[in-house]
Every structure is written in structure tokens, then in C-alpha cells.
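Structure first, commentary second.
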Amino acid sequence: MPIQTAGSVRALALMGPTNSGKTTLLEALLLATGAVERRSDGGAAERVGDASPEARAHGHSVELNLADFEFMGDRYAVIDCPGSLEFSADLDAAAPAVDLAVVVAEPDPNKAVLLQPTLRELERLGVPHALFINKMDQARGSLQELLEALAPVSSAPLVARQIPILDGEHVSGCIDLALERAFIYRPGEPAAEIPPELRDAEGQARFHMLEQLADFDDELLEQLLSDMTPSRDAVFADLVKEMNAGQIVPVFFGSAQSGFGVGRLLKALRHEAPPPERAAERLGLEGPAAYVLKTAYAGQSGKMAYVRAFGRTLEDGADLVLPAGERSRVGGLFAVQGAALKKVATAAPGDICALGKVEAAQAGQILSLTGQPQAGLATHVPRRPLFAVALAARARKDDVRLSGALNKLVEEDPGLTLTHDAESRQVLLAGQGEGHLRLALERLKRRFGVEIDTEQPKTPYRETIQKALTHRARHKKQSGGHGQFADVTIEVKPLPRGSGLVFGQRVVGGAVPKQWIPAVEAGVRDGVAKGPLGYPVTDLEVTLIDGQTHSVDSSEMAFRIAGRLAIEEAMKQSGSILLEPIEKLVVYSPSPAASNVTSALTARRGQILGLGPREDWRGWERIEAYLPQSERQQLIAELRGLTQGLGAFEADFDHMAELTGRQASAASQARAGA
């Protein structure tokens, strides 16, 4: 069934670094289009962005924020996205479903690198995007310097659609290069002719823009070579076509705080944003459906699925089919404007809305309206955790409530993972950084009323033996009637790292009957569960070589106890040493910070294995290193501090290594006190 676009709503994502002004731009769009009422001082009578208590407490976006507006008869749904990498997992499922992303940036060349993760992700997804350079009324320096700093962070050429008008050192307006009109940054000021003193600069900038477009349009190239002036319609057509194809990234300028440049951005969105069918194709939709952007638990309303409708009008009570074939009926349809939910009967194609009672829905799923399941395309990979805490309910009576609350938090936030470590007996909540987990714990307390205690996750140390030896152990117990008797002799020797426990036997003459040899092995495995230093024992070979039995008192249990005694006594004599887990890290860092990052790794007992350019990322380095797992816990905070919040890493267990000195003593003392 074809995806229809008539009367459809286009979806925009506002993305970019923290403090670039994304939420301010959202408010400016809503004000400019009358979606919110204006106060007498020009500000908004109500605040739609950063609606959650956590976002307002932190002073920046920490989750997706949804709103919509109408402009010149067209409707737009907007997703205001968090800027910090710690909270960006919230948009992994949502970003592929938008028609256009507006990446908001500051006019500071030193902050250009902050855009790179966002731009690279949009390029990977194939989502058309434009840059909006915000705070231009506060800008200093030349446009050329800014564009030169921005150019390396984008794989596609950045095409300046405007140039600023300077009044001394201040930017007082801009010239639109496609329209060839001047716009002064004064409320209500209409477009004007280009001032004579700026015509040469405008002509040069416009010709450069046309040259960039001509790289993808042979006809335009021929016109430029022939000194022909292309028509305005042809220029706009090229701008639209090349942006939608990902060949260029247009750059707009303005000030969201003052409302400057917002009108020009709205006009560009109206004429240039792609239709929803492009996003439907990107998602692999095979017919009308509701694509799940995220899920959240909304107090008494229960679980809400925030979706984008594709293909046809979505109605309250509609029958949905999930990817696995489960069927569900919409139990409430809501328009979303910040924190406000308004019950509605229908949602137009392309619109973003909230669905109630679709309990099985998960972010990234396609809820089919065709009667048949739709699997769609895999658009994102789950993020690997970078920081973890162990937590427990402060009051034992809250244990069950805590478990349910944690499961809801993890379902809502794809950047979180929850694991139960049986060895350490810890419940571990892991996320994308310390701030990310702090936010999760704030939500846990506010929404579920659970007081918790936290501690660092325990490192899974191991121990092994230093020397080989032979040891004999006897278990003998007489308490009337049948007693217990077993006598075993074992050889113990160390093995290379990663060998684990190897058990064998060389018993001759039936000294230990075959049916009881497995009991000896079971006893040995019982014994190595906790060595002399308090940790599980590994990398040793235990061989049963001799034994004795009693015709009446020997039994399976007796030989199991004897096996445990033999290995426990042998380990005390064989010199236990502590082993710590070593991980292999791949760290990604902007090039200027790479030397500081390698120093930080070395200071944490890391071993640098290699350093080279990050593939397809200009100005970035890829660093490989070995690092003890115990040193990784606070690494992400230090890494982000060294890299303007951009650094990241991937960690995988690699091997166990001997731990000595002060760290070994501390680990042993911690185990003894546990």
C-alpha cells in the first residue's frame, strides 16, 4: 500500500551541542507561528521546552521534547533533542524518523568540533540536515573564519545561504544569497534591497554558493562557465534537491533569543523540507504504520508510546500489529505540546502523537496499520554502557517497588542497562556517564518515591597459584553407625592465563572407584569458588592420582568433602596471587586532546597499544589501550572533561593479569571486610 503525503505533517529535529540554543529556537518557532501566546515584553506566555522537572533543574535538555506548530497552512511536528552525549541515546530511535534535522550551533570557531558527532550520525542515517548558526547578534570575527572551522566537521560541503551584515563589530542583519534580499535584525523590519556597499561582497558569496551547487549539477556548471545568470527558481530547485540528497548542508544565521532569522528559516522549512515518504522509505515501511519514537510512563495515564504516523490518518481505537505479530488496540490518542497531553480523535499522516494502552510497544518498532506485521530496517545499534553504579533500596520493604521502577526506567531510556551480578550480589545500573545515572536516580526518587543507596560496582578479581605441589587429604568422621571416610591425593599446578580449571585423574588399581571420581571433581570445584585471598581461583590443573576407600564408610559425599579439603589445603601451600581483569579499550578523541587522553590512560595504569586517525572522522584520533577494569569506572568523566564532552570509548574484557603491591593489598582487604 503506498504511503500517502497529501495533507501530511512534516517532522523536524532540533539537534546540536548543549547550550547552543535548541530549546530557545523551539520557543522562537512557536512564538513566530502563534503556537504559544506572546507576553507584552515579547516573550512566551508559557514555556513548552524542557518541560520535565529534571530538565528545568539542570538548565538544559535531558530528554526528547515534542511540540508542533502551523505555518502558512502547513503543519510541523518538532522534536527538541538533548545536546549532551550522555542523554543522546534518547534520540537514537527518533532521529531516523524525521524529515529534516536543524543542527543548531554557536558562532564560535572554537566550538565547531562539538557538531561533529551529531553531523556524522545524521550522515550515517541519511537524514537531510541544515545548520542554523544561532546567537549571531553576539557574534565576533569573520564569517570566513567560522565556515573554515566548521568545514572539517561535515562530510558534505557547507553552503552558506546567507552572509551577515555588520554594524561595526556587531551583526545587524543578513543578506539571503538565494533571494538576493537584505534582512535587518529589527522586529517587524521588512526585506530590503541590498545596500550598495555590500553588493560586491554579496555577488562574490552568491557566486561561491552557485559554484558549490554546480558540483552536483552539470547544467548549472555550464551556465556559470558561460557567464549566464541562472534563474532564481533553478537555484532554489538545486538547493532543495542537493540538501535532500545529502550532497550539501545549507547554513542559515540568526538569533533565536531575539527572533532574528527565524522567519527565513521557517520559509526554508516550508519550501525545502522533504515529505514524510522519504522518512518512511528510510525506515523500511511497507505500508501505513505508526513508528515508535520512544515510550514513557506518564503517571496515572500509564505507559505512553510516542509515535509518528505514516501513510494514513491514525485514529483512536485503531488496531495495530506489532513486529512479532501481537495485536493491540489504541486506547487513547493524544496531541503533545511539551508536557501537555490533549486527547484527540485522529492524527494526520506525518504527525507525532502519543498512544495509550499499547503496552508491548518499544522504541524503534513499527506498529503496522495494514493488518500484517512490519519489521522495518535496523536504524540504530544499542549503546554500550560507560559508567555504572550498584544500588539497593534503602528500606528492605521497597525492594519489589525498586525492581519494578528500574525496569520502567530502562524501558524508557535506551541508554540504560540493568544487570544482576550473581557473583558480587549487586544490582548494577549502567548508562552513558555519571550525569546520565544521576538523572536516572533523580527520576527514580521523584516518580516512584524509592530511596536508594549506591556504591561502586565490585571488580571481579580472581586468584591463582604460583607453584605446583602434591597434597593428600583425608575426611574421616564417625558418629555411630555408618561413618564417613574418603582419602584422596591430588597434584596441583598452575596453568597459563585464561585456562580456567582443568580436572583430570590418573588413578590406578581402583584406589578411588570410578563412580566417586566425579564427586572428587565436584569437591574441587567447590573449593576453588573461594581461595585464600577470598576470590574465585582459576588457571590451575588438578589431577587426582591416588586415594583410599572404606568398604562401609566411603560415599559420594565423603569423597566430595575430601576433594574440597584437598584443594583448599593445597592452595594455602602453593602461594596464591591475585589476578585482575584487563580490558581492551578503543578510545575516540578529537586530535588536539589525544595526548592528554593517552596521559590519562597511562596514569590509570593503562598500556597504550596504538594511536591513529579515526576512520572517516577528520581531526579525530583512535586510541587502543589495555586498562585494568577497576580503573575504568571514572574514566568517562575524565575523558569528557579533556575533550569538551566529546570523548567516548568501547571496552571489552581481554585477559587477566597479576596484581601486586598496594592495589592487591587493598583488593584483599576489601574482600576480607565484605
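The values are calculated or read from the model by the stated rules, or taken from the named source; none is laboratory data. In this text, all values refer to a predicted model and were calculated from it rather than measured experimentally. All Cβ positions, glycine included, derive from the backbone under ideal geometry; neighbour counts span all protein chains shown.
Considering only residues that are in a loop (DSSP other than H, G, I, E, B) and within 27 Å of S154 (Cα to Cα), which ones fall in the range 190-229? Correct list: D215, F216, D217. Scanning the range 518-552 for residues that are under 48 Å from the mean Cα position of the chain (by Cα) and without any contact (Cβ under 8 Å) to a residue 12 or more places away in the chain yields a count of 3. Starting from residues that are of a type in the set (A, V, I, L, M) and out of contact with any helix residue (DSSP H, G or I) (no Cβ under 6 Å at 6 or more places or on another chain), keep the ones in the range 508-524 and report whichever is nearest to I567 (Cα to Cα). For the range 508-524, the residue satisfying everything is I517. Of everything listed in (1) outside any loop (DSSP other than H, G, I, E, B); (2) in contact with a His (Cβ under 7 Å, 6 or more places away or on another chain), the single unmet condition for L367 is (2).
Name every residue in the range 44-97 that is assigned to a loop (DSSP other than H, G, I, E, B), surrounded by fewer than 19 Cβ atoms within 10 Å (Cβ to Cβ), out of contact with any strand residue (DSSP E or B) (no Cβ under 7 Å at 6 or more places or on another chain) and of a type in the set (A, V, I, L, M), in order of residue number. M72 - this is the single residue of the range 44-97 that is assigned to a loop (DSSP other than H, G, I, E, B), surrounded by fewer than 19 Cβ atoms within 10 Å (Cβ to Cβ), out of contact with any strand residue (DSSP E or B) (no Cβ under 7 Å at 6 or more places or on another chain) and of a type in the set (A, V, I, L, M). On inspection, A405 fails the criterion of being surrounded by 16 or more Cβ atoms within 10 Å (Cβ to Cβ), assigned to a strand (DSSP E or B), in contact with a Lys or Arg (Cβ under 8 Å, 6 or more places away or on another chain) and aliphatic (A, V, I, L, M).
Look at (1) aliphatic (A, V, I, L, M); (2) touching a Pro at 6+ places or on another chain (Cβ under 6 Å); (3) surrounded by fewer than 22 Cβ atoms within 10 Å (Cβ to Cβ); (4) closer than 19 Å to Q257 by Cβ and you find that A149 fails only one, number (4).
Reported count of residues in the range 496-554, each being among the aromatic types (F, W, Y) and under 22 Å from A468 (Cα atoms), is 2.
Applying the selection to the range 245-273, what residues are under 17 Å from L143 (Cβ atoms) and more than 27 Å from the chain's Cα centre (by Cα)? Scanning the range 245-273 gives F252, F253, G254, S255, F260, G261, R264.
Which members of the range 230-248 meet the condition of being farther than 22 Å from S154 by Cβ and touching a residue at least 40 places away in the same chain (Cβ under 8 Å)? Hit for the range 230-248 is R232, nothing else. Filtered by the rule that a residue be farther than 18 Å from P288 by Cα and at pLDDT below 95, the range 344-361 gives G356, K357, E359, A360. If you check A268, A245 for being more than 16 Å from R206 (Cα to Cα), of a type outside the set (V, I, T) and crowded, with 16+ Cβ neighbours inside 10 Å, only one passes: A268. One residue stands out among those in the range 342-360 that are hydrophobic (A, V, I, L, M, F, W, C) and not in a strand (DSSP E or B): the one that is surrounded by the most Cβ atoms within 10 Å (Cβ to Cβ), which is V358.
In this structure, is A558 in contact (Cβ under 8 Å) with a residue 60 or more places away in the chain, under 30 Å from V520 (Cβ atoms) and part of a helix (DSSP H, G or I)? Taking the combined requirement at face value, the residue satisfies it.
With respect to the conditions (1) in a helix (DSSP H, G or I); (2) surrounded by 15 or more Cβ atoms within 10 Å (Cβ to Cβ), Q515 lacks only one, and its number is (2). When the residues of the range 30-87 are narrowed to those that are of a type in the set (D, E) and within 23 Å of L439 (Cα to Cα), which ends up modelled with the highest pLDDT? Result: D80.
Yes/no matrix, rows are residues, columns are (1) touching a Ser or Thr at 6+ places or on another chain (Cβ under 8 Å); (2) surrounded by fewer than 17 Cβ atoms within 10 Å (Cβ to Cβ):
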residue: G563; (1), (2): no, no
residue: P590; (1), (2): yes, no
residue: A593; (1), (2): yes, no
residue: T598; (1), (2): no, no
residue: R605; (1), (2): no, yes
residue: W617; (1), (2): no, no
residue: E621; (1), (2): yes, no
residue: R640; (1), (2): no, no
residue: F649; (1), (2): no, no
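The residue that is nearest to E63 (Cα to Cα), counting only those in the range 409-468 that are under 18 Å from the mean Cα position of the chain (by Cα) and part of a strand (DSSP E or B), is G431.
Can you tell me which of Q144, Q162, Q116 is surrounded by fewer than 22 Cβ atoms within 10 Å (Cβ to Cβ) and either free of Cβ contacts under 8 Å to residues at least 40 places away in the same chain or farther than 17 Å from W620 by Cα (or both)? Within the list Q144, Q162, Q116, the selection yields Q144.
Among all residues of the range 283-295, there is at least one that is under 24 Å from the mean Cα position of the chain (by Cα), surrounded by fewer than 22 Cβ atoms within 10 Å (Cβ to Cβ), in a helix (DSSP H, G or I) and outside the structural domain of D90 (by TED's automatic domain parsing).
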